[in-house]
Amino acid sequence: MRRPLAIAFATLGIGLISLSCKTAPGDECKPNTPSKCTNKSTALICRGGHLITATCGSDSCKQAGSEVVCDQSHGELGQVCIADMEYACSNDGVTGMQCIGGSFKPNVVCRGPKGCRVQSKRIACDTSVAILGDPCALEDALSCAADKKTLLRCKLKSVELYRDCRGPKGCVADETLPQCDNTLANLDDPCPAAGRVACSVDKSKELLCQGGRFTLSRECKNGCSVSVVGGSVTCK
């Protein structure tokens, strides 16, 4: 009677070994397979029928029953993420990301001096500096170009050219509202407000903002100048 019992234990042992081995990335899993911290900075989660590795912040992976608590407030683009639609900052502090479809996707670029910060599970992003084509989140938000020569605007989730800042101060980056010096301009340049006066870049003309564009106001025989203080325009 002992022989069958020994065989039964051997069979059970093989089953346990087989089950315990299914804890590596790439192993098959079911949707209800518990997540598991493999060490203090990584976790194994079930995604698409297979176990995959998710990276957590330093010493942040904690086991909570069948789930893991994993700090992913910082990471890299394309990195596996656990909580769909949650936000994070890239490790270099430049890109605000969102967890979409199981990986971090770019949401907004934060090139301003304060970069990207995560506050109360939302992104605090300094967009006072941008580059044409950057992804952006807030429609009509303004930024200065990195070369400080143009004012940019967020349109349809992408940064586009808004105005030239040809004056001596250029574009001054401010997290609240970037300032564009257009006391110098070219004919037909976009302008901010009707009645605004500027000097032409060659300082031979006075220009007037009408219909959203700088138009010729008058010729300045003795030149057009802009005061250092206040930026007032004088045509002689």
Filter the range 110-127 down to residues that are buried (at least 16 other Cβ atoms within 10 Å of the Cβ) and touching a residue at least 60 places away in the same chain (Cβ under 8 Å), then give me how many there are. 1
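When you go through Val94, Val68 one by one, which is the residue that is at pLDDT 95 or above and either outside the structural domain of Thr33 (by TED's automatic domain parsing) or in contact with a Ser or Thr (Cβ under 8 Å, 6 or more places away or on another chain) (or both)? Walk me through it before giving the result.
Values: Val68 fails: at pLDDT 95 or above.
When all the criteria are applied, what remains is Val94.
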If a residue must be surrounded by 14 or more Cβ atoms within 10 Å (Cβ to Cβ), of a type outside the set (A, V, I, L, M), without any contact (Cβ under 8 Å) to a residue 24 or more places away in the chain and closer than 19 Å to Phe104 by Cα, how many such residues does the range 35-69 contain? 6
Among residues belonging to the range 163-175 that are crowded, with 20+ Cβ neighbours inside 10 Å and in a strand (DSSP E or B), point out the one that is nearest to the chain's Cα centre (by Cα). Cys171
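Results for (1) modelled with pLDDT under 95; (2) part of a loop (DSSP other than H, G, I, E, B); (3) among the aromatic types (Phe, Trp, Tyr), shown as yes or no for each residue.
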| position | (1), (2), (3) |
| --- | --- |
| Val118 | yes, no, no |
| Ala124 | yes, no, no |
| Glu160 | no, no, no |
| Leu177 | yes, yes, no |
| Cys199 | no, no, no |
| Leu208 | no, no, no |
| Leu216 | no, no, no |
| Lys221 | no, yes, no |
| Gly231 | yes, yes, no |
Find all pairs meeting these conditions: Cβ atoms under 6 angstrom apart; at least six residues apart or on different chains; first residue within the range 179-190 and at positive phi; second residue of a type outside the set (Gly, Ala, Ser). Asp188/Arg213
For the range 183-193, how many residues meet the condition of being in a loop (DSSP other than H, G, I, E, B) and either out of contact with any strand residue (DSSP E or B) (no Cβ under 8 Å at 6 or more places or on another chain) or modelled with pLDDT under 95 (or both)? 3
Here are the criteria: (1) surrounded by fewer than 20 Cβ atoms within 10 Å (Cβ to Cβ); (2) within 30 Å of the chain's Cα centre (by Cα); (3) touching a residue at least 12 places away in the same chain (Cβ under 8 Å). Tell me which single one Leu151 does not satisfy. (1)
Counting only residues in the range 188-202 that are surrounded by fewer than 16 Cβ atoms within 10 Å (Cβ to Cβ) and of a type in the set (D, E, K, R), the one farthest from Leu161 (Cα to Cα) is identified as Asp202
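The values are calculated or read from the model by the stated rules, or taken from the named source; none is laboratory data. Since the model is a prediction, treat every value here as computed from it, not as a measurement. Using ideal geometry, Cβ is built from the backbone for each residue, glycine included, and neighbour counts are taken over all protein chains shown.
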